[in-house]
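So the structure is just underneath, and the comments pick up after that.
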Amino acid sequence: MTPRGGMVRVSRGSTLFGARRQRIAQYFMAHHALSAADATLFRPLSDADARALAAMRASGMVREGPRDHYYLDLASYDAARDHASRQAVLIALAVSVGVAITLMFFYMDAARTLKP
């Protein structure tokens with residue numbers, strides 16, 4: 001349910017992709033605003049919400065319809081989520097390799113000190 005005037009407050013939080021962006025996207029999906037014909041009113045209540053909306057508009061995830069009406073470009077949104085997911089996998093892989101190499105050095109050092 002939308003508060004008066006189509007305003008919505010997006011809750012705080014952060015993930016790699018951004019909880020704020022996800023909540024804004026969920027708002028548009030809940031209102032079936034996935035095309036210019038179905039654009040819905042969206043007025044951010046905080047500066048952080050406005051910045052998130054501006055970033056989404058700049059990247060093409062959210063497009064503008066009539067005055068203060070926006071809609072979600074689902075293809076762009078999915079592509080951005082996939083990109084963030086791929087980045088997370090690469091980061092996790094790099095951290096895992098770094099930890100494995102560090103542990104290997106500790107093991108080699110311990111093996112040298114234990115030899116008679």
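The values are calculated or read from the model by the stated rules, or taken from the named source; none is laboratory data. Keep in mind it's a predicted model, so treat the numbers as computed, not measured. Counting neighbours? That spans all protein chains shown, and the Cβs are built from the backbone with ideal geometry, glycine included. SASA here: full protein model, heavy atoms, side chains in, ligands and nucleic acids out. Shrake-Rupley method; radii C 1.70, N 1.55, O 1.52, S 1.80 Å.
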ask   = For segment 53-61, does any single residue satisfy the condition of being surrounded by fewer than 12 Cβ atoms within 10 Å (Cβ to Cβ) and either among the hydrophobic types (A, V, I, L, M, F, W, C) or in contact with a helix residue (DSSP H, G or I) (Cβ under 8 Å, 6 or more places away or on another chain) (or both)?
value = yes
ask   = Where residues in segment 63-86 are surrounded by 16 or more Cβ atoms within 10 Å (Cβ to Cβ) and closer than 15 Å to Gly18 by Cα, which of them is modelled with the highest pLDDT?
value = Tyr77
request  = Could you please tell me which pairs satisfy a Cβ distance under 8 Å, a separation of 6+ or placement on different chains, a first residue in segment 59-72 that is among the β-branched types (Val, Ile, Thr), and a second residue that is assigned to a loop (DSSP other than H, G, I, E, B)?
outcome  = Val62/Asp73
task = Evaluate the following for Val89: is it more than 22 Å from Phe42 (Cβ to Cβ) and open to solvent by less than 80 Å² (accessible area, probe 1.4 Å)?
result = no
